[in-house]
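Take a look at the structure below.
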Ligand SMILES: C[S@@+](CC[C@H](N)C(=O)[O-])C[C@H]1O[C@@H](n2cnc3c(N)ncnc32)[C@H](O)[C@@H]1O
């Protein structure tokens, strides 16, 4: 059974694609994708032996050794032929380093869920001229934002779009709007404690008020 966060990532994976889950740890995502026949083949990569052993144990326990390969590698091993890269549960700067070292054009789609700094992730995507293809917010104790992009499509995003999510701000689904209300409340709590409001936070606050209509 996947957590709500991993289930949301699962939903964003294209049917029949070969997935390379980088920083897989337990390999829950590749196991679910292959077991449910959403993907014919997958790779579970990790740069540490302990997590990789976890992955191997779970793959073996489900009898999926023929369809999921566990790879010990720091970042993306470009010898692996895959359609979709998943990077989830990692910090933004780890993801940035991994993306910087890879030829992203080798893959159809890259799905990323960073623990913090999702605005920096969208800015990175925009600065490289890549296009955001899918976005999703899910609540699983925290609000998690998942962003998929393609290095084959061109995109450019304003700072406002990087903050709010270019696709999310158009779709405005219920969980997304709840996450924005929480962001707005956090800013209000900060403003209540300081004598002078910093201009960056004030800009974010204006964007939140505008989209929430309050
Ligand atoms: C918190 S776990 C996330 C597991 C899973 N992706 C998820 O979303 O639940 C992060 C994993 O990434 C691995 N990791 C960290 N840096 C990495 C790197 N540069 N290359 C590959 N794996 C890495 C860690 O060893 C750890 O197992």
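If residue 160 satisfies every condition in (1) within 25 Å of residue 3 (Cβ to Cβ); (2) in contact with a helix residue (DSSP H, G or I) (Cβ under 9 Å, 6 or more places away or on another chain) but one, which is the exception?
Going through (1) within 25 Å of residue 3 (Cβ to Cβ); (2) in contact with a helix residue (DSSP H, G or I) (Cβ under 9 Å, 6 or more places away or on another chain) one by one, residue 160 breaks only (1).
Yes/no matrix, rows are residues, columns are (1) under 11 Å from the mean Cα position of the chain (by Cα); (2) closer than 25 Å to residue 201 by Cβ; (3) modelled with pLDDT under 95:
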{"site": "98", "(1), (2), (3)": "no, no, no"}
{"site": "107", "(1), (2), (3)": "no, no, no"}
{"site": "110", "(1), (2), (3)": "yes, no, no"}
{"site": "115", "(1), (2), (3)": "yes, yes, yes"}
{"site": "120", "(1), (2), (3)": "no, yes, no"}
{"site": "129", "(1), (2), (3)": "no, no, no"}
{"site": "143", "(1), (2), (3)": "no, yes, no"}
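Only one of 167, 187 is at pLDDT 95 or above, touching a helix residue (DSSP H, G or I) at 6+ places or on another chain (Cβ under 6 Å) and not assigned by TED's automatic domain parsing to the domain that holds residue 86. Can you tell me which?
The unique qualifying residue is 187.
Among the residues of the range 21-54, how many are under 16 Å from the mean Cα position of the chain (by Cα) and either away from the ligand (no atom under 11 Å from the Cβ) or farther than 22 Å from residue 102 by Cβ (or both)?
Residues meeting the conditions: 1.
The values are calculated or read from the model by the stated rules, or taken from the named source; none is laboratory data. As the structure is a computational prediction, the values presented were derived from the model and not from experiment. We place every Cβ from the backbone using ideal geometry, glycine too, and count neighbours over all the protein chains shown.
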